[in-house]
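A short write-up of the structure that comes next.
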């Protein structure tokens, strides 16, 4: 995926999240949960697009 497409998607997600946070009335805790879910989803998507997700999945914690 070209870098320009990544930037466009990130800008669209950011503007969408900004509009939701400012213009849709919600409780503060729900907004925080929404922000965290969107940020995690975007991070996972970026890792998948760049091909780094397989490296992350191969890490083992503990035993």
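Where a number appears in this text, it was derived from the coordinates with a stated rule and is not lab data. Remember, it's a predicted structure, so these values are computed and weren't measured experimentally. Heads up, the Cβs are rebuilt from the backbone with ideal geometry, glycines too, and the neighbour counts pull from every protein chain shown.
Things to note:
- Members of segment 34-43 that are touching a helix residue (DSSP H, G or I) at 6+ places or on another chain (Cβ under 6 Å) and either in contact (Cβ under 8 Å) with a residue 40 or more places away in the chain or exposed (fewer than 11 other Cβ atoms within 10 Å of the Cβ) (or both): none
- Selection status of residue 17, surrounded by 11 or more Cβ atoms within 10 Å (Cβ to Cβ), out of contact with any strand residue (DSSP E or B) (no Cβ under 9 Å at 6 or more places or on another chain) and without any contact (Cβ under 8 Å) to a residue 60 or more places away in the chain: yes
- In segment 44-54, the qualifying residues are those that are surrounded by fewer than 12 Cβ atoms within 10 Å (Cβ to Cβ) and in a helix (DSSP H, G or I), and the one that is farthest from the chain's Cα centre (by Cα) is 54.
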